[in-house]
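Handing you a structure now.
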Amino acid sequence: MTAITINIPNHEVNFFKKMISKMGWTYEVAEKVQTPTVKEQALAKIDHAFGQLRQMKDGELEGIAAEDLLNEL
């Protein structure tokens, strides 16, 4: 037997439960997955950016000249 995990929107759960039972399959409902909010995603990106700045300051990461960055666009 093989187990497959899928993430579906809450409003589609009943549809999938009915479909699975009609096919004779079994299912197990896991705990709800917490998706990060827009605010949490933004804060994580800012934290990542500051981490990169710290690495550049410590010489662990090499920066890119603004001119080179603009040329890539």
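Each value in this text was obtained by applying a stated rule to the coordinates, not by laboratory testing. Quantities reported herein were computed from a predicted structural model and do not represent experimental measurements. Counting neighbours? That spans all protein chains shown, and the Cβs are built from the backbone with ideal geometry, glycine included.
Scan region 12-24 for residues that are exposed (fewer than 10 other Cβ atoms within 10 Å of the Cβ) and under 21 Å from Met1 (Cβ atoms) and jot them down.
Lys22, Met23, Gly24
How about region 26-54: which of its residues are of a type in the set (Val, Ile, Thr) and within 21 Å of Asn14 (Cβ to Cβ)? Reasoning before the result, please.
First, pick out the residues of region 26-54 that are of a type in the set (Val, Ile, Thr): 26, 29, 33, 35, 37-38, 46.
Residues satisfying the conditions are Thr26, Val29, Val33, Thr35.
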